[in-house]
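Here's the structure we're looking at; comments come further down.
Each value in this text was obtained by applying a stated rule to the coordinates, not by laboratory testing. No experiment lies behind these values; they were computed from the predicted model shown. FYI the Cβ positions are ideal-geometry reconstructions off the backbone, even for glycines, and counts take in every protein chain you see.
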Amino acid sequence: MEKLPETTLAQDHFYDGWIYRKFLDPSLKGIRIRISRLIPENSTVLDVGCGTGDQLFFISDQIKSGLGVELSEAMINTCRDQARLRDISNCEFELADASNLVNLENQSFDYALTSLVIHEMPEAVRIPVLKEMARIGRQLILVDWIYPQPPPFKKFTTHLVERIAGKEHYAGFRSFMKQGGMPALIKTLGLDVVETQITGRGTIQLWVCRTQ
């Protein structure tokens with residue numbers, strides 16, 4: 001697997017690393033399971049915004065290889081430490097800008113996935129990231145907040161979670177919703193949706209899209 005250049009645009013958040021692994025990863029187990037059921041054995045997988053690497057670790061026994069990319073150095077360090085501790089050798093993790101994966105131009109993956117990441121990106125970055133995923137992934141698995149948002153209580157909870165994540169994070173979320181969420185991005189890119197699922201008690205949606 002080609003090594004990506006270390007990015008100078010590293011972005012760490014207060015919750016990156018062990019805080020995310022201890023308190024947030026457990027709440028995402030249902031999503032990990034759903035994604036694992038969609039990926040056949042011996043697949044190659046790219047995880048954009050891989051966080052602590054939890055999704056790739058969850059499917060490591062069934063995939064041929066996995067590559068996780070992140071803009072957070074704290075997350076990448078956590079991924080690498082956990083890979084060593086768990087003795088997982090078929091997953092690699094790189095600090096990289098997912099909007100420009102030029103070093104992977106001669107490489108393709110059976111699946112390119114991202115979980116609850118696109119909404120926090122600046123508006124100008126979302127399409128470039130998804131285009132890169134579509135360029136090198138035969139199928140995409142996209143997981144993010146559902147659009148439109150559900151009734152008041154669930155909507156309030158989602159907004160609260162995003163506010164706690166920080167001012168910039170919340171601004172990205174609001175922009176994401178204002179622009180029509182993931183359905184609008186999928187339509188803009190002309191992706192072929194082959195399956196969709198609703199999870200997170202009606203707050204999160206998963207899309208499987210064919211690119212090739």
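For segment 98-138, backbone nitrogen atoms closer than 15 Å to the point 7 Å from residue 90 Cα along Cα-to-C-beta are found at 110-111.
Other residues with beta-carbon under 13 Å from the beta-carbon of residue 210 carry, at +1 per Lys or Arg and -1 per Asp or Glu, a net charge of -2.
One entry in (1) 10.7; (2) 17.6; (3) 11.4 is mean projected area of the Cα convex hull in nm² calculated from the shown coordinates; its label is (1). For residue 178, a cut-off of 19 angstrom between C-alpha atoms picks up these lysines, skipping any fewer than 8 places away in its own chain: 154, 155, 167, 187.
Taking 35 Å as R0, compute the FRET efficiency from the Cβ-Cβ separation of residue 64 and residue 167 and round it to 0.05. For residue 64 and residue 167, the calculated efficiency is 0.30. Report the net charge of residues surrounding residue 43, where surrounding means a beta-carbon distance below 9 angstrom and charges are Lys +1, Arg +1, Asp -1, Glu -1. With Lys, Arg at +1 and Asp, Glu at -1, the net is -1.
The order of 144, 81, 61, going from fewest to most other C-beta atoms within 10 Å of their C-beta, is 61, 81, 144. How many angstrom lie between the Cα centre of segment 150-172 and the Cα centre of segment 14-68? Here the answer is 23 Å between Cα centres.
Projecting the Cα atoms of 68, 157, 207 onto the charge dipole of the chain (Cβ charges, centred on the Cα centre) puts 157 farthest toward the positive pole.
Along the chain, the exposed loop sites are GluC sites (Glu not before Pro) outside DSSP states H, G, I, E and B with at most 15 other Cβ atoms within 10 Å, and the longest stretch free of them is 106-212.
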